[in-house]
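Novice: Got a structure for you, written out below as structure tokens; questions coming shortly.
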Amino acid sequence: INFKILCMSVYFVGIMLEYEKGGKLKTKSIDLLELSPSTDVGALVEEIQRAEPLITATRAEQVKLLVRRLQEKLAPQGSHRFYLFKVLRAHILPLTNVALNKSGSCFITGSYDRTCKVWDMASGEELHTLEGHKNVVYAIAFNNPYGRVHTLIGHCAEISSTMFSWDCSLILTGSMDKTCMLWDATSGQCVATLTGHEDEILDSCFDYTGKLIASASADGTARVYCTATRKCITKLEGHDGEISKISFNPQGTRLLTGSTDRTARVWDARTGQCLQVLEGHTDEIFSCFFNYKGDIVITARTTPAGYGRLLATRPRTCSSQPLSILSFSTHTH
């Protein structure tokens, strides 16, 4: 059998190999979940070569380069301050969701107007309009290169969020029944129920290693759980309204929440300390995400006018039009 590596792509906690076997393109992932800024890259790549025949001696330097890029993403980033970047008009009706691709080069929005739109992050230019839905688009995401589909039955009320762990071994769901559930992705069986919230779960997510789980609730709090022990390790308190969205930064050290109190907040994921309050929206925030590097966040709110505002690096002025999308970027003097 002849193998040929066509490309090697970096994902946050691993490397994706694309190769040719029998005339067909195939993919394989290499987990780097234990990678840290202090990891010896040379020794790690030698270990990978011993375990993976696709990584030949001629590919070793390329793999080292990719691993070093991942190490740069893991390095401590210090304190970031965010400011207004760009304004855009999004949809003719209110938005329901927004999501960034893995590289942070573009993002997608969903709307009550039954369409999705793909946007260029740097310019704010609309790249594509996706049509075909017969009703409101409530959830959107860029695809992963692998995953399974199951019908999961167990919650006592509507499911508000769902997400695969990075290695697709677990599925996380959040529900209006005030619980989150963990499911085995192979069997579709529930392996744990996470409790503690006093009101409906509005959102839930894994960190990029799958070791931590965060949940956001209508009770105005968020919680962080350990995936292995299923125990709550910290509680985030400070919002004056429901928390409609929560997401980890790529390093797993920060959490971003959006709330009906019209603010987004950045938190320390381990201690639960609020690090920054992001203000500017004039209505409820229902969606927010970090980009791939963790130095840009994007938030979205509902608005009858359907206008958007994209905020990231330049300019620092703010339009008086109604807001629909906000993103904030770090600035270094």
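The values are calculated or read from the model by the stated rules, or taken from the named source; none is laboratory data. Given the structure is predicted, the values throughout are model-derived calculations rather than measurements. As a convention, Cβ positions derive from the backbone with ideal geometry for all residues, glycine included, and neighbour counts pool all protein chains shown. With ligands, DNA and RNA removed, areas are computed over all heavy atoms of the protein, side chains included. Shrake-Rupley method; radii C 1.70, N 1.55, O 1.52, S 1.80 Å.
Novice: Round to a whole angstrom and tell me the spacing of the C-alpha centers of segment 183-229 and segment 238-274.
Specialist: About 15 Å separates the Cα centre of segment 183-229 from the one of segment 238-274.
Novice: Name the residues whose placed amide hydrogens come within less than 5 Å of the amide hydrogen of Ser175, ignoring near sequence neighbours (fewer than 5 apart) on the same chain.
Specialist: Correct list: Ser160, Ile201.
Novice: Then there is this: Pairs to check: Lys64/Lys117; Lys24/Lys211; Lys64/Lys293. Give those whose C-alpha atoms are more than 27 Å from each other in this structure. Walk me through the intermediate numbers first.
Specialist: Values: Lys64/Lys117 36 Å; Lys24/Lys211 34 Å; Lys64/Lys293 19 Å.
Violating the 27 Å limit, Cα to Cα: Lys64/Lys117; Lys24/Lys211.
Novice: For segment 220-281, which whole percent of the accessible surface, found with a 1.4 angstrom probe, sits on carbon and sulfur atoms?
Specialist: Values: 980 of 2460 Å².
The value for segment 220-281 is 40 percent carbon and sulfur by accessible area.
Novice: Can you give the local net charge around Asp268? Use residues other than it whose beta-carbon is closer than 15 angstrom to its beta-carbon, Lys and Arg +1, Asp and Glu -1.
Specialist: Value of the local net charge: +3.
Novice: With a sphere of radius 15 Å drawn around the Cβ of Leu236, what net charge do the other residues whose Cβ falls strictly inside it have (Lys, Arg +1; Asp, Glu -1)?
Specialist: Numbers: positive: Arg223, Lys235, Lys245, Arg254, Arg265, Arg270; negative: Glu198, Asp199, Asp203, Asp207, Asp219, Glu237, Asp240, Glu242, Asp261, Asp268.
That works out to -4.
Novice: What do you reckon, how do Ile159, Ile298, Ile153 stack up by accessible area (1.4 Å probe), largest on top?
Specialist: The residues order as Ile153, Ile159, Ile298, largest area first.
Novice: Starting from segment 23-115, pick out the GluC sites (Glu not before Pro) whose DSSP state is loop and whose Cβ has at most 15 other Cβ atoms within 10 Å. Could the numbers behind the result be given before it?
Specialist: Working: sites: Glu34, Glu46, Glu47, Glu61, Glu72; in loops: Glu34.
Sites meeting the loop and neighbour criteria: Glu34.
Novice: May I pose another question? Straight-line reach from Lys134: which aspartates and glutamates have Cα under 17 Å away, leaving out those fewer than 8 places along the same chain?
Specialist: By straight Cα distance, Lys134 reaches Asp113.
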